[in-house]
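Taking it in order: structure first as C-alpha cells, then the write-up.
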Protein chains: 2
Amino acid sequence: MSEGERAEELIDLVQANDLSGIRLWLAEHRPYEIADELSRMDGGEAIIPFRLLDKDRELEVFEELDPGQQQAILLGLRDAAFREILEEMDPDDRARLIGEAPAKIATRALAGLSLSERKMTAALLGYPENSVGRYMTPETVILHRDLAVGRALEVVRAKGADAETIYTLPVVGDGRRMVGTVTLRDLVVNGDERLIKDIVDVFAPRVRASEPVEDAARLMQEANLVSLPVVDSEDRFLGLLTFDDALEIIEAADTEDMARQSGASPVSDHYVTVGVLRLVAARSVWLMLLIVAATLTVNVMQAFESALEAVTALALFVPMLIGTGGNVGAQSATAIVRALAVGEVRVRDLPSVIWKEARVGLLLGLLLAGLALAIGSLLVGPDVALVVACSVIAVCTWAAVIGSAMPLLARKVGVDPAVVSSPMVTTIVDASGLLIYFSIATVVLGV
Amino acid sequence: MSEGERAEELIDLVQANDLSGIRLWLAEHRPYEIADELSRMDGGEAIIPFRLLDKDRELEVFEELDPGQQQAILLGLRDAAFREILEEMDPDDRARLIGEAPAKIATRALAGLSLSERKMTAALLGYPENSVGRYMTPETVILHRDLAVGRALEVVRAKGADAETIYTLPVVGDGRRMVGTVTLRDLVVNGDERLIKDIVDVFAPRVRASEPVEDAARLMQEANLVSLPVVDSEDRFLGLLTFDDALEIIEAADTEDMARQSGASPVSDHYVTVGVLRLVAARSVWLMLLIVAATLTVNVMQAFESALEAVTALALFVPMLIGTGGNVGAQSATAIVRALAVGEVRVRDLPSVIWKEARVGLLLGLLLAGLALAIGSLLVGPDVALVVACSVIAVCTWAAVIGSAMPLLARKVGVDPAVVSSPMVTTIVDASGLLIYFSIATVVLGV
C-alpha cells in the first residue's frame, strides 16, 4: 500500500522537526489516515503534527484516536484548545475518554464543559463500563408519532445538523415512550401527507442501556441495523447506538477473545505503543498458573517412573502425544468459543455439541493413530508404536470432549467462555493424556 | 434471553407439524430471529415454516440465511416461488448465492431471471471470490455533479425505492467518472439551491472492485463509513459496499482467523448444521502435518537417550517445559497475527516487533524460571531443577521470537499470517526447546 510509504515520512518529518513538510503531509491525508499515524507515535511526538492541523480537522482526527492516545494529546494542549475539543466531541466518545482517564484529566475535562454537555456526559458515565449506555449517542432527532412526514422532514432539516446521526429516527409517544423507528429513507420516499404513526416500524429491535454493548453490536449485525434505539427500564427513549460504534465494538471484542484464547489478558492500546512491561503483565498471570498446574504432569510421570526406566522408548513419544492431544483440544475449544460468541451455539446445545465433538475427536484420533503407528514402528518397533497409536485415539477423543465442554460449562456458570483458553485446555489434556498413555503402556507392555 | 425459550418451540412445532402454531410463532418474530431458527434446522425441516411466511417477509428472511441454507430452501420451492425470490434479491446477495451453488441450482437460477437482473448478476460474478466486486450493490442512486441540492433530492425521492441504500450518494462527472460522495444528510441539511459540486466530498475514500473485500471492510471501520464507493480501473463508479456487508465480512474474517489460529480450515456454515465429516476434514490436514513434524521431537529425544537413561528425572519435566514454551509462543503469535489483521503492525516493523517480543519472552522466562526452580527442587532436587529453570528462560525467549517472527515473515512472502497457527509455533518450539533443554542438561549435569 502506498500509505505505508508515505507514513514513514510523517515520523521522519516530525523527528526532523520539518514543520512545513508536516503541514503538506497533513493536507494530503484523510483524518483516519492521520489518526493511524499518530497512534504509532508517543504522545510527545504526536502533539507536534496535531497542533498543526486545521481547526475543523483537529476534532475529526482526535475522535479517531484510542482513549490512551487522546489523553496523551490532551496533556500537550493549552487550556483553550483542550476545552474546545472536549466541548465539540460526540458525547459518547467523550464519556468513554473521561471514564478511562486519570482523575486529574477527568476533573479538568469536566470542569471545562458547558452545563448542558456536562450533564449529558455525567448521564452517560452513570452507566457501567461496556454497557450500551456508555456507547449510545443522545444527540438524535426524535419524532413524535402524530407528525406528518412533510413536517417530520422539516424537523430533521432544522435539527439534523446537531445530531450524530439522522438515518434512523426514533419515534416516541407521550412521555418519550418508544414507539418504534422510521428511517430517513422512509421520510424521503413517502408522501408528505402520510402520518409517522402509519409508517413507523414498531417491530424495530431496541435494547436497554444497561445491557452489554457487545450483545447489542452483534444484534445490529444480525438485523442489519444502521442504528439501534436504546431505552430505559420503562421503555423511554435514551439514545442511539450507531453502526460505526458497532463495528469498533465487534472488532475490539474479537481482539479480546483472541488474546484470551491464547491465555493473555486483552491490552486495549495500539500494539506499537504498548510497553514491554504491560505485555508481560498481560501474559504472565495465566502462564504462572499453568506452569504450576503443569506440576501435575511431573507427578504423573513420576508415578510411572519405573515403567519409564524399564522402557525408555516410552519417554520419546511424550512430546508428540501430548502435542497432538493439545492441538485437538485447542481446535474444539476455539470452535465452540467462537460459535458461542456469534450466537450459533447456546448452553442448552451442550449434549449435542459434546456428542458431535466426541465423534470428531474419535475420527481424528483414528486418522492420526495410523500415522503414529507408522512413525513409531519405524523409529522404535511395534510394541511401543501400538501403545502410542492406541493412546492417540483415546487422547484425541478425550481432548475434543474437554475442549468443547469447558467453554459451554463456563458460559453456563456465567463466566466468559473465552477464558477457557487453548493453553488451559492443553494443560489439562497434557496431564490426563499422560495418565491414559502410561495406563495403556502398563496393560499392553506389562511394565 | 426469552428468545431462547420460544426458539425451542419452533423446532417442536415443526416436528409436531402444528401449522397454526408455526404461523403464530412466525407472526410474533422478526425476520432475523426467524432466519436464526431456520439456520439450526436441516433443509427439509426449514422449508415448512418458510413456506408459511407472508410473501413480503419471505424475502427478508431468505436474505438473512447463509448461502448453504438458502440452497436447501430453494430446492424445496416450486418454480414460481423460486424465480420470484431470486428476482427480488439484492444483486450482491444473489451473486454470492449463485457463485457458491452447485451447477444445477445456478443454471436454474440464472435462467429464471429477467434480462436486466441476469446482466447485473453476471457482471458481479465476473469478479473473483472475496473481492469487493462480489459484495457491492449496483442498485444505487447516482447524482451528477452539476445538479442542485433540491433537484438531487427529487431524484432520490423518485429513484430511492429501488436502491439498496440512499444514505451515501455517489457523485459522478461525465462518463460515470467518480467525483466523490454526498450523504443524504448533506442533501437534507443544505439549502435547495446549493450545487452538488460545491458540497461533494472529493476526499471520500473509494476502492477498486478487484481489491480484497476484507481490506475494504476494515477501511470502512477505520473511516466510519456507512457505504464505500467502488470504482473500476479507470475510476468509473460501479457500486457501493454497504455497512451491513462490512459487519458480516469482518465477523466472518475474524471467525476464519480464529479457526486458522487453532490449525483448522475455516468452515463457513452454521456450527449446528455442519456434519462431523466436514469438521474432521477441516481439522485433519494440519493435525496430520503436525504429527509428522512432531517426529522431530522423537528424534531429539532419541539423540539424548543416553542422557535420559542416566538421569530419568530429566524426562519428568519434558511436558512442563515444552508446554510453557508453546504457551509463550502461541501468545506472541496470536498478538502479532491480530495486530497485522487490524493494521496496527506492518511488515517493516519486523525488527522492532521481534526486539520487543524477545524482551517480553525473556522477562516471562525469568518469572517462570523462579517457579520452575521451586517446583523442581521440591520434586527432584537442585541439579535437575537448575537445568529446568535455565531451559525455561532460554525456551521462553526463543518461543516469543519464533511466535512473532513467523506471522511477519508469512505476510512478507504474501501468505495469510493467520496460517501461522499456534499449533505450528508450538510444534517448532517443542523440537527446538527439547534441543535447548538437553544441551543445557549435558553441560550442567555432564551426562
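Here are the numbers:
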read-out	value
The one condition in (1) without any contact (Cβ under 8 Å) to a residue 60 or more places away in the chain; (2) within 29 Å of A:G126 (Cα to Cα); (3) not polar (S, T, N, Q) that A:D90 fails to fulfil	(1)
Test: residue in the stretch B:265-285 that is farther than 22 Å from A:I336 by Cβ and more than 8 Å from chain A (Cβ to nearest Cβ)	no
Which numbered condition A:T137 fails, given (1) touching a strand residue (DSSP E or B) at 6+ places or on another chain (Cβ under 9 Å); (2) in contact (Cβ under 8 Å) with a residue 40 or more places away in the chain; (3) in the same structural domain as A:D235 (by TED's automatic domain parsing)	(3)
Subset of the stretch B:206-253 that is of a type in the set (D, E) and in contact with a helix residue (DSSP H, G or I) (Cβ under 7 Å, 6 or more places away or on another chain) - its residue that is nearest to B:V182 (Cα to Cα)	B:E222
Candidates B:T242, B:T297, B:T324 - the one that is in contact with a Pro (Cβ under 8 Å, 6 or more places away or on another chain) and either hydrophobic (A, V, I, L, M, F, W, C) or buried (at least 20 other Cβ atoms within 10 Å of the Cβ) (or both)	B:T297
Checking B:V292 against (1) more than 7 Å from chain A (Cβ to nearest Cβ); (2) in contact with a helix residue (DSSP H, G or I) (Cβ under 8 Å, 6 or more places away or on another chain); (3) surrounded by fewer than 22 Cβ atoms within 10 Å (Cβ to Cβ), the condition it does not meet	(1)
Qualifying residue in the stretch B:400-415 (condition: in contact with an Asp or Glu (Cβ under 7 Å, 6 or more places away or on another chain), in a helix (DSSP H, G or I), more than 19 Å from A:T426 (Cβ to Cβ) and modelled with pLDDT of 95 or more)	yes
Restricting the stretch B:308-321 to residues that are crowded, with 18+ Cβ neighbours inside 10 Å and more than 7 Å from chain A (Cβ to nearest Cβ), the residue that is modelled with the highest pLDDT	B:L321
Within the stretch A:363-384, tally of residues that are more than 7 Å from chain B (Cβ to nearest Cβ), surrounded by 19 or more Cβ atoms within 10 Å (Cβ to Cβ) and part of a helix (DSSP H, G or I)	4
Counted residues, the stretch B:264-317 - those being of a type outside the set (G, A, S), assigned to a loop (DSSP other than H, G, I, E, B) and under 30 Å from B:V387 (Cβ atoms)	4
Failed item in (1) out of contact with any Ser or Thr (no Cβ under 7 Å at 6 or more places or on another chain); (2) in contact (Cβ under 8 Å) with a residue 12 or more places away in the chain, with A:T107 passing the rest	(2)
In the stretch A:28-52, the residues that are surrounded by fewer than 21 Cβ atoms within 10 Å (Cβ to Cβ), within 18 Å of A:L97 (Cβ to Cβ) and aliphatic (A, V, I, L, M)	A:I47
Residue check, A:I402 in contact with a helix residue (DSSP H, G or I) (Cβ under 8 Å, 6 or more places away or on another chain), surrounded by fewer than 21 Cβ atoms within 10 Å (Cβ to Cβ) and of a type in the set (A, V, I, L, M, F, W, C)	no
Test: residue in the stretch A:350-359 that is within 22 Å of A:I436 (Cα to Cα) and either among the β-branched types (V, I, T) or modelled with pLDDT under 95 (or both)	yes
In the stretch B:327-348, the residues that are surrounded by fewer than 19 Cβ atoms within 10 Å (Cβ to Cβ), within 8 Å of chain A (Cβ to nearest Cβ) and in a helix (DSSP H, G or I)	B:R348
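For (1) at pLDDT below 90; (2) assigned by TED's automatic domain parsing to the domain that holds B:L228; (3) part of a helix (DSSP H, G or I); (4) not basic (K, R), each residue gets a yes or a no:
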| site | (1), (2), (3), (4) |
| --- | --- |
| B:V61 | no, no, yes, yes |
| B:G68 | yes, no, yes, yes |
| B:L77 | yes, no, no, yes |
| B:A80 | yes, no, yes, yes |
| B:D93 | yes, no, yes, yes |
| B:R96 | yes, no, yes, no |
| B:M120 | yes, no, yes, yes |
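The values are calculated or read from the model by the stated rules, or taken from the named source; none is laboratory data. Just so you know, these numbers come straight off a predicted model, no measurement behind them. Cβ coordinates were reconstructed from backbone atoms using ideal geometry, including for glycine residues, and neighbour counts include every protein chain displayed.
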